[in-house]
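Here is the structure we will look at.
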Amino acid sequence: MMNKVTVGLLVFLLVLVGGLGYCAWTFHEEINLMREEMNTFRNEHVVRTEAIRGEIISLNSELRSGLDSLGTEIDENITHIADLKNSFDDNQAGIQALGKKVGDNLERIEVVSKELAETTSIAGSVMDASNMYQQVSEVVIRVSNGQRTVGSGFIYDSEGDVLTAQHVIDGLDEIYVITPDGRIFPADVVGSCVFSDVAVLKFDGETGIEPPEISDSSQIKVGDPVDAIGSPFDLAESLNTGIVSQVNRFTEIEYDEQTRWVANLIQFDAAVNFGNSGGPLFSADGSVVGLVIARVEPEKGDGIYYAVSSNKLKRVADSIIGQGYFDYPWLGVNISDLTPQQVQEMELESINGVLVSQVVADSPARTAGVQADDVIIAIDDTEIRNTAVLTSYLGEHLSPGELTMLKVIRGTDTLDISLEVGLRS
């Protein structure tokens with residue numbers, strides 16, 4: 001019984017040792033297999049590592065090459081920037097030098113401009129009379145009584161209104177307007193102002209003629225060139241040139257053995273004669289500066305001619321066209337220029353001003369308190385040098401019914417007198 005147990009135990013041990021041996025061998029084989037796989041993985045990893053290392057080395061080489069190239073470009077750009085800075089500094093210096101030259105030239109130009117302005121002021125404006133005549137002569141018309149030319153005029157607007165002198169059409173039964181191209185238009189009198197010697201005519205028909213510009217006569221200076229276009233002695237469309245001799249004249253003019261005082265006159269020396277009356281007086285730019293009305297008679301002198309200023313002309317004409325008449329302003333005083341003797345006797349500081357010799361009864365001046373022997377030295381803050389300035393101011397700036405302020409010297413006192421402008425009848 002014991003032998004069987006022993007044999008069984010031995011067999012069991014043998015089986016057990018065999019199983020353990022087999023397990024050990026199997027484990028050893030698996031370890032060898034794992035070792036081979038590990039070696040394979042290591043070899044592959046080494047290969048990959050070397051490839052990556054090679055790529056890194058290559059990239060590093062390219063990066064270094066790029067950085068070297070970029071460094072070279074930066075160095076070149078720094079050098080270029082330095083060159084540009086030097087060039088800029090040189091240009092800036094040149095600009096400063098050029099600026100100084102420009103400044104010097106501007107100063108020279110300013111000096112030359114002043115000298116030119118002074119020269120021009122001395123020499124006066126220059127008129128191209130031929131060119132001016134070609135531009136404006138078509139607006140100048142002849143005024144006829146049906147038998148002969150009695151005066152001149154010019155087209156005032158596109159409505160058929162024509163301006164001429166009042167004494168030209170005074171007493172005419174028939175009036176005809178003749179344009180430079182020979183067309184004839186019967187005309188009627190719209191109205192006139194005896195005290196300004198201005199009349200407005202109107203005709204029916206289209207002339208196709210552009211009216212001239214009316215200048216601001218307050219800008220006219222003594223010495224300015226002027227042209228008179230008219231029909232003296234029926235010599236149609238004659239041109240005479242001259243200069244402005246003076247402005248704001250107040251002159252007594254004879255009309256058919258009658259005389260009247262006319263204000264707002266431009267004195268000029270462009271020769272005009274019978275037939276020029278009513279014609280326009282042109283400035284260098286071709287605008288109308290006046291309406292020719294009179295001349296000093298040859299037996300009294302020569303070279304002195306008169307035209308109603310364009311500002312007065314426009315004011316009167318527009319009023320006549322609008323309402324058929326012009327209300328002429330009136331103060332109601334008889335005045336005269338001061339004489340040196342009167343200035344001394346009255347102990348005045350200046351000869352500028354006008355002396356009131358008489359105050360008309362029931363006149364605006366009488367109502368306001370103006371007295372004989374008052375000296376008017378200003379009106380509405382405009383200095384009065386003489387009777388011409390006062391009457392010209394009235395004609396161009398005031399109307400009946402308006403208030404005005406006179407500054408007068410009475411004895412040793414200076415007074416401000418307000419009055420309402422009246423109507424001259």
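List of remarks:
- For the range 227-239, residues that are within 23 Å of D216 (Cβ to Cβ) and not aliphatic (A, V, I, L, M) total 2.
- Residue ID - surrounded by the fewest Cβ atoms within 10 Å (Cβ to Cβ), chosen from residues in the range 241-256 that are at pLDDT 90 or above and aliphatic (A, V, I, L, M): I243
- Cβ-Cβ contacts under 8 Å between residues 6 or more apart (or on different chains), taken from a first residue in the range 361-382 that is outside the structural domain of Y393 (by TED's automatic domain parsing) and under 13 Å from Y393 (Cβ atoms) to a second residue that is surrounded by 14 or more Cβ atoms within 10 Å (Cβ to Cβ) and aromatic (F, W, Y), are absent.
- N264 being assigned to a strand (DSSP E or B) and among the polar types (S, T, N, Q): yes
- Here S357 meets each of (1) in contact (Cβ under 8 Å) with a residue 12 or more places away in the chain; (2) surrounded by fewer than 20 Cβ atoms within 10 Å (Cβ to Cβ); (3) under 43 Å from the mean Cα position of the chain (by Cα) with one exception, condition (3).
- Near pairs, Cβ below 7 angstrom, 6+ apart or cross-chain, from the range 387-404 (in the same structural domain as V308 (by TED's automatic domain parsing) and over 9 Å from P329 (Cα atoms)) to any residue that is crowded, with 19+ Cβ neighbours inside 10 Å and at pLDDT 90 or above: none
Matching residues to (1) on the phi < 0 side of the Ramachandran plot; (2) small (G, A, S); (3) crowded, with 23+ Cβ neighbours inside 10 Å; (4) at pLDDT 90 or above:
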| site | (1), (2), (3), (4) |
| --- | --- |
| L239 | yes, no, no, yes |
| Q258 | yes, no, no, no |
| W261 | yes, no, no, no |
| N264 | no, no, yes, yes |
| F268 | yes, no, yes, yes |
| A271 | yes, yes, no, yes |
| G279 | yes, yes, yes, yes |
| S287 | yes, yes, no, yes |
| L291 | yes, no, yes, yes |
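- Of all residues in the range 293-338 being among the charged types (D, E, K, R) and touching a residue at least 60 places away in the same chain (Cβ under 8 Å), the one that is surrounded by the most Cβ atoms within 10 Å (Cβ to Cβ): K312
- Looking across the range 331-374, the residues that are outside any helix (DSSP H, G or I) and of a type in the set (V, I, T) come down to V333, I335, T339, I351, V354, V356, V359, V360, V370.
- Some residue of the range 275-296 being within 32 Å of the chain's Cα centre (by Cα), among the charged types (D, E, K, R) and not in a strand (DSSP E or B): yes
- Residue within the range 318-325 that is part of a strand (DSSP E or B) and at pLDDT below 95 present: no
- One residue from I95, I78 being at pLDDT below 80, of a type in the set (A, V, I, L, M), surrounded by 10 or more Cβ atoms within 10 Å (Cβ to Cβ) and outside the structural domain of S238 (by TED's automatic domain parsing): I95
- Subset tally (residues that are in a loop (DSSP other than H, G, I, E, B) and in contact with a helix residue (DSSP H, G or I) (Cβ under 9 Å, 6 or more places away or on another chain)) for the range 375-398: 2
The values are calculated or read from the model by the stated rules, or taken from the named source; none is laboratory data. All of these numbers come straight from a predicted model, not from anything done at the bench. For neighbour counting, all protein chains shown are included, and Cβ atoms are generated from backbone atoms with ideal geometry for every residue, glycine included.
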